[in-house]
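Working notes, beginning with the structure itself.
The values are calculated or read from the model by the stated rules, or taken from the named source; none is laboratory data. A quick note: this is a predicted structure, and the numbers were derived from the prediction, not measured. So basically every Cβ, Gly included, is an ideal-geometry build from the backbone, and we count neighbours across all protein chains shown. Calculation scope for accessible area: heavy atoms of the full protein, side chains included, ligands and nucleic acids excluded. Shrake-Rupley method; radii C 1.70, N 1.55, O 1.52, S 1.80 Å.
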Amino acid sequence: MRELRLPSADASASLHGSGRTVVVLGHGAGGNRRTPMLVDLAEALAESGRAALLYNFPYAERGSRRPDSPSVLESAAREAAEVALEATGAEKVVLGGRSMGGRIASQVVAGGARADGLVFLAYPLHPPGRHEKRREAHLPDIAAPMLFVQGTRDAFARDDLLKALMARLGDRAEHHPVEGADHSFRVLKRSGRTPEDVAEEVRSTLLGWLEQHGL
């Protein structure tokens, strides 16, 4: 693992592994690049013969809990992709992340940034209980394949609305539901599943999807 910087964003990043594909993952609104799920996925990607770059948004680097403006978040996501490609020399780049990190990645790709694929780990389709305030208008503008890994108890993505979005996106999008998981991929004890069971499901889903798309 190598520590890197995003000079313009004045934020840190970590590079894991190497390979012809690099996967660039941003964190959720309340997290940072050391979010355990992201680190776990980065290590799994490195073991699979790929590279992964995890990065902080500027507010997280400063230790603030209040996310930056959309323009600052998008600028950091674009720079993270550029740094990842330059540092690895990879042929393919996949963007995405946890919750807000995935949404911001999708916005920069819809705006013209390069991506050979997009990975969404708990895409925040709408704020909890505010189903009319959806964050999906830009997604049909994306031509790259997309993977949505979403808990079935996720308050940020009502099931019928997510399924309607998948229908709009057609063959470009694949939806993998994680049974009983919430927005943080936590499951109830009565489910009989452990956090490691869920983590393994997310890992295998991501690696299988990448393999399927030649990434």
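Using a 10 angstrom cutoff on alpha carbons, build the Gaussian network for the chain and name the most mobile of Leu25, Leu95, Leu45.
Of Leu25, Leu95, Leu45, the most mobile in the Gaussian network model is Leu45.
Show me, for segment 4-20, the HN-Hα J-couplings you get by feeding each phi into the Karplus relation (A = 6.51, B = -1.76, C = 1.60, θ = phi - 60°), rounded to Hz, glycine and proline as x.
Result, ordered by residue: 10, 10, 9, x, 5, 7, 6, 9, 9, 8, 10, 10, 10, x, 7, x, 6 Hz.
Return the distance in nm (one decimal) between the two label points of a simple spin-label model at Ala167 and Thr152, each offset 7 Å from Cα along Cα→Cβ.
Label-label distance for Ala167 and Thr152, simple model: 2.0 nm.
Tell me the carbon and sulfur percent of the accessible area for segment 44-119, rounded to whole percent, probe radius 1.4 Å.
Carbon and sulfur: 41 percent of the exposed surface of segment 44-119.
Would you mind working out the accessible area per residue for segment 1-89, using a 1.4 Å probe, and quoting it in Å²?
45
Residue separation times 0.36 nm, minus the C-alpha to C-alpha distance between His176 and Glu43: what's the value?
My answer for the length gained is 45.8 nm.
So which GluC sites (Glu not before Pro) in segment 1-108 pass both tests, a DSSP loop state and at most 15 other Cβ atoms within 10 Å of the Cβ?
Glu91
Could you size up the charge dipole of the chain around its Cα centre, putting +1 on the beta carbon of Lys and Arg and -1 on that of Asp and Glu, and report it in debye to the nearest 20?
600
Please list, in chain and number order, the residues 5+ apart from Phe57 or on another chain whose amide H is under 5 Å from its amide H, with Hs placed from the backbone.
His27
If you roll a 1.4 Å probe over segment 124-189 with all protein chains in place, what percent of the accessible area is carbon or sulfur?
Of all accessible area on segment 124-189, carbon and sulfur atoms account for 50 percent.
Please list 3J(HN,Hα) in residue order for segment 34-49, calculated via the Karplus relation 6.51 cos²θ - 1.76 cosθ + 1.60 where θ = phi - 60°; whole Hz, with x for glycine and proline.
After applying 6.51 cos²θ - 1.76 cosθ + 1.60, I find 9, 3, x, 4, 5, 4, 4, 5, 4, 5, 5, 5, 4, 5, 7, x Hz.
Please work out whether segment 142-215 counts as rounded, prolate or oblate from its C-alpha gyration tensor, where a ≥ b ≥ c are the square roots of the eigenvalues and a/c under 1.5 means rounded, while otherwise a/b larger than b/c means prolate and anything else oblate?
The shape class here is oblate.
Any lysines with Cα under 29 Å of the Lys92 Cα? List them, leaving off those in the same chain fewer than 8 positions away.
Lys163
Do the sum for the chain: with -39,500 (n - 2.57) for every DSSP H run of n ≥ 4, divided by all residues, what is the mean residue ellipticity at 222 nm, to the nearest 500 deg cm²/dmol?
My calculation for the chain gives -11000 deg cm²/dmol from helical runs alone.
What residue among Ala42, Ala181, Ala137 shows peak mean-square fluctuation when the chain is described by a Gaussian network model with Cα springs under 10 Å?
Judging by the Gaussian network model, the answer is Ala137.
Output the antiparallel fraction of DSSP beta bridges having both residues in the chain, as a percent to the nearest 5.
Antiparallel bridges: around 30 percent, rounded to the nearest 5.
Within segment 117-161, list the trypsin sites (Lys or Arg not before Pro) lying in a DSSP loop whose Cβ has at most 14 other Cβ atoms in a 10 Å radius.
Those satisfying the criteria are Arg130, Lys133.
Length gain on complete extension for the stretch Arg66 to Arg114, per 0.36 nm per residue less the alpha carbon to alpha carbon distance?
Stretched out fully, the Arg66 to Arg114 stretch lengthens by 14.5 nm.
Let me understand the chain better: what is its radius of gyration from the alpha carbons, and its Dmax, in angstrom?
Rg, Dmax (Cα atoms, Å): 15.9, 47.
State whether segment 24-120 is rounded, prolate or oblate according to the following rule on the C-alpha gyration tensor (a ≥ b ≥ c being the square roots of its eigenvalues): a/c under 1.5 gives rounded; otherwise a/b larger than b/c gives prolate, and the remaining case gives oblate.
Oblate is the answer for segment 24-120, as a/c is 1.5 or above yet b/c matches or exceeds a/b.
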